[in-house]
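A short worksheet on the structure shown next.
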Amino acid sequence: MEVNQQEACMSVSIEDVRTQRDYLEYTKYVHSYSAAIGRLVDLSNTYIDDAEAAHKAGVPAVWASGFWETPLVYACGVKPVSFGELGRLADKDTMELSENYYQFPVETCSMVKCVVGQLHLRRGTSIKRLLGSSGMCEPFNLAWEVLRREGYDIYNIDVTFRAPGVNGKRLEDLISFFKNELYGVVEWLTGARYVDEERLRLEIKRRNRLITKVKRVLDLRLSHPLYLKSLPTILLLNIGLASYFGKPEEFESMVDELLSELENRPVDQDEIARAIPLVWAGGTGQEFGVYEAIDAAGGALLGLRSVPFKLYREDVPPVEALVHYIYDNMGGGAAIYSQQILENEVKKVNARGLVLYGVIGCSFQSVDKEMWRNYFHQKGIPSINLEGSFQTGAPTGQLMTRVKAFIEMLS
């Protein structure tokens with residue numbers, strides 16, 4: 001039986017929230033009616049600590065972004081650990097460490113400074129290997145170079161973008177190039193330029209199975225928009241689906257339990273009427289305060305730019321399947337391609353507005369947001385433009401006021 005949010009949060013008050021870990025405890029109380037969401041929060045809360053402990057106990061591990069490489073890393077017998085999750089452990093002191101020790105300019109993306117600061121504190125005591133990709137962002141590419149001088153074993157590969165219309169010989173060349181890059185990753189991870197194709201095939205099947213289940217969860221949210229709120233939805237997608245919190249079997253068991261809860265819950269038309277459907281247009285990370293501000297104002301993030309759309313191919317050799325997944329899903333190259341994804345999400349969830357969010361210091365996001373704002377404004381879809389710092393805890397009063405006013409306008 002679902003309990004009132006105020007009763008569920010008697011032990012944790014939003015006024016006491018100061019850190020990202022506080023938000024996890026708060027959202028667990030908010031969702032105390034769901035055993036599955038409680039498990040999801042616990043997996044997220046213990047992810048980094050458990051991964052580092054396993055590595056100290058002898059389990060091979062590598063810091064990674066947690067995207068295309070996950071099946072390959074697991075197939076090599078290595079645990080992928082998302083370096084982006086280090087932002088949850090960061091604070092302003094961590095960013096100042098990056099600015100003072102590494103001489104990062106103040107205007108540098110706060111996400112990069114948080115990650116570098118946390119990795120600096122872990123020198124010689126934690127996972128020392130890091131798998132990067134040139135397609136992520138240029139500030140991270142520079143960050144990996146400075147961390148290499150601090151003793152980290154960095155392997156940064158080239159990930160190319162397949163523009164629309166690229167087929168034939170050009171596509172064949174791209175596939176050949178990236179297959180070679182993947183074998184380089186395998187050699188760096190294992191010492192041999194050999195892929196256990198059967199094990200990789202099983203990891204791809206696992207990935208496809210989980211993508212299908214998580215997409216089902218997202219579809220069910222349209223009928224239960226306030227059951228799984230914004231933060232646990234982001235946790236499910238960001239790191240859950242990306243690297244399974246380092247515990248694939250436990251993660252899939254939790255997803256199955258969440259599906260069962262949603263499928264067996266009666267549809268409440270009053271709940272659907274109260275929720276203000278929104279699409280999140282931008283990156284998702286440690287912006288926990290923004291998610292809470294949206295929920296508190298009655299919004300429901302039902303559409304997201306980072307929703308998984310396609311499955312890995314199973315009709316081609318597994319290494320080639322990884323290559324096709326990259327070239328068929330990349331959102332880079334121009335904001336107009338991501339704009340099409342956002343437009344599909346707006347239509348699917350019947351969104352009343354968009355949340356255009358960017359991390360302070362990311363010039364790429366700033367340009368994209370302005371393009372999307374103009375485009376959707378012409379379509380009659382209002383938006384709110386927000387900027388935040390990657391690791392900040394409680395949202396400012398000004399941000400809360402802006403979000404509340406925006407959602408009240410939509411209602």
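Please treat every number below as a calculation from the coordinates, not as lab data. Note that this is a predicted model, so its numbers are computed, not measured. No Cβ is skipped: glycine too gets one built from the backbone with ideal geometry, and neighbour counts run over all protein chains shown.
Rank Ser306, Ser260, Ser32 by mean-square fluctuation in a GNM of the chain with C-alpha springs under 10 angstrom and give only the top-ranked residue. Answer for the Gaussian network model of the chain: Ser260.
Based on the Cβ-Cβ distance of Asp196 and Tyr337, what FRET efficiency does E = 1/(1 + (r/R0)^6) give at R0 = 35 Å, to the nearest 0.05?
Step by step, r from the Cβ atoms, then E = 0.55.
Relative to the Cα centre, the charge distribution of the chain, modelled as +1 at Lys and Arg Cβ and -1 at Asp and Glu Cβ, gives a dipole magnitude of about 680 debye.
Entry note, the chain: the mean residue ellipticity at 222 nm calculated from DSSP H runs of n ≥ 4, each adding -39500 (n - 2.57), is -16500 deg cm²/dmol after division by the residues and rounding to the nearest 500.
Each of Ser133, Ser110 has some number of other Cβ atoms within 10 Å of its Cβ, and from fewest to most they run Ser133, Ser110. Taking the 0 to 90 degree range and rounding to the nearest ten, how far is the long axis of helix 248-263 tilted relative to the main principal axis of the chain, both from C-alpha atoms? The angle comes out at about 30 degrees.
Spin-label pair Glu408-Asp50: with each label point 7 Å from Cα along the Cα-Cβ axis, the two points sit 4.2 nm from one another.
Its Cα gyration tensor gives the chain an equivalent ellipsoid; the semi-axes, largest first and in whole Å, are 32, 25, 23.
What the Kirkwood sum gives for the stretch 122-214 is a hydrodynamic radius of 15.8 Å, with every pair of different alpha carbons counted.
Among Tyr291, Tyr29, Tyr312, Tyr337, a tally of other beta-carbon atoms within 10 Å of each Cβ gives an order, fewest to most, of Tyr337, Tyr29, Tyr312, Tyr291. Once Rg and the Kirkwood radius are both taken over the C-alpha atoms of the stretch 220-352, their ratio Rg/Rh works out to 0.99. Once C-alpha pairs closer than 8 Å and six or more residues apart are averaged by separation and normalised to the residue number of the chain, the relative contact order reads 19 percent. Summarising the label geometry, the points placed 7 Å from Cα in the beta-carbon direction at Ile272 and Glu145 lie 5.4 nm from one another. Does anyone have the angle between helix 110-121 and the longest principal axis of the chain? Alpha-carbon axes, 0 to 90°, nearest 10? The angle comes out near 60 degrees.
Applying 0.36 nm per residue to the separation of Glu96 and Glu172 and subtracting their alpha-carbon distance, the gain on full extension is 22.8 nm. Multiplying the residue separation of Glu25 and Ala57 by 0.36 nm and subtracting their alpha-carbon distance yields 8.8 nm. Label the stretch 148-199 by shape, choosing from rounded, prolate and oblate, from the square roots a ≥ b ≥ c of the eigenvalues of the Cα gyration tensor; if a/c is under 1.5 it is rounded, and otherwise prolate applies when a/b is larger than b/c, oblate when it is not. It comes out oblate by the Cα gyration axes. Every Cα-Cα pair in the stretch 187-298 was counted, and those over 16 Å apart are 67% of them.
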